[in-house]
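Visitor: Let me give you the structure first, and then I'll get to my questions.
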Amino acid sequence: MALRPQTAYGAAPSIRGTGEEKGLTPEQNYRVRVMGAEELDLLHSAASQGGLQLASLNWILASLANHGFVSISGNNRRLRAVATKAGCLALAMRPLLPDDTLH
């Protein structure tokens, strides 16, 4: 039995199809399909309980936020990225690949 990734919203929903009917826009659906390993890794970290703690914002997280996959909040010293509903849907569509399949 395969386990679904845990997110800040609980278990990521199981998704079949294009994603548009499940709450992703066509642009988000495209971005999910072309995400690289680093983007998926950061999104997975943001979906973990408590989100991803940041000292500064990088361009990858800014892009994920721009497309609605994470929300970024915090004070002037620390930032926190948390996966949105769209981010959880993206993780359900594109789970992380094991390291040995990337080579």
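Visitor: Take segment 48-68 and flag every residue that is part of a helix (DSSP H, G or I) and open to solvent by 80 Å² or more (accessible area, probe 1.4 Å). Before the answer, list the steps.
Guide: Within segment 48-68, the first condition is being part of a helix (DSSP H, G or I), and the residues that meet it are 59-66.
Once the filter is applied, which keeps residues that are part of a helix (DSSP H, G or I) and open to solvent by 80 Å² or more (accessible area, probe 1.4 Å), segment 48-68 yields W59, N66.
Visitor: Another one. Report, by residue number, each residue of segment 18-34 that is modelled with pLDDT of 90 or more, assigned to a loop (DSSP other than H, G, I, E, B) and either exposed (fewer than 13 other Cβ atoms within 10 Å of the Cβ) or touching a helix residue (DSSP H, G or I) at 6+ places or on another chain (Cβ under 7 Å) (or both).
Guide: Of everything in segment 18-34, just one residue is modelled with pLDDT of 90 or more, assigned to a loop (DSSP other than H, G, I, E, B) and either exposed (fewer than 13 other Cβ atoms within 10 Å of the Cβ) or touching a helix residue (DSSP H, G or I) at 6+ places or on another chain (Cβ under 7 Å) (or both), namely L24.
Visitor: Considering only residues of segment 76-100 that are modelled with pLDDT under 80 and among the charged types (D, E, K, R), which is farthest from G36 (Cα to Cα)?
Guide: So in segment 76-100, the residues modelled with pLDDT under 80 come out as 76-77, 95-100.
From what's left, among the charged types (D, E, K, R): 77, 99-100.
Values: R77: 29, D99: 13, D100: 15 Å.
For segment 76-100, the residue satisfying everything is R77.
Visitor: Select from segment 37-47 the residues that are of a type in the set (G, A, S) and either farther than 15 Å from R94 by Cα or open to solvent by 30 Å² or more (accessible area, probe 1.4 Å) (or both) and list them in ascending order.
Guide: Here is the first cut: in segment 37-47, the ones of a type in the set (G, A, S) are 37, 45-47.
Within segment 37-47, A37, S45 qualify.
The values are calculated or read from the model by the stated rules, or taken from the named source; none is laboratory data. If you're wondering where the values come from, they're calculated on a predicted model, not measured in any experiment. Here Cβ is always computed from backbone atoms with ideal geometry, including for glycine, and neighbour counts include all displayed protein chains. Each accessible area value is taken on the protein alone, full model and side chains, heavy atoms only, with ligands, DNA and RNA left out. Shrake-Rupley method; radii C 1.70, N 1.55, O 1.52, S 1.80 Å.
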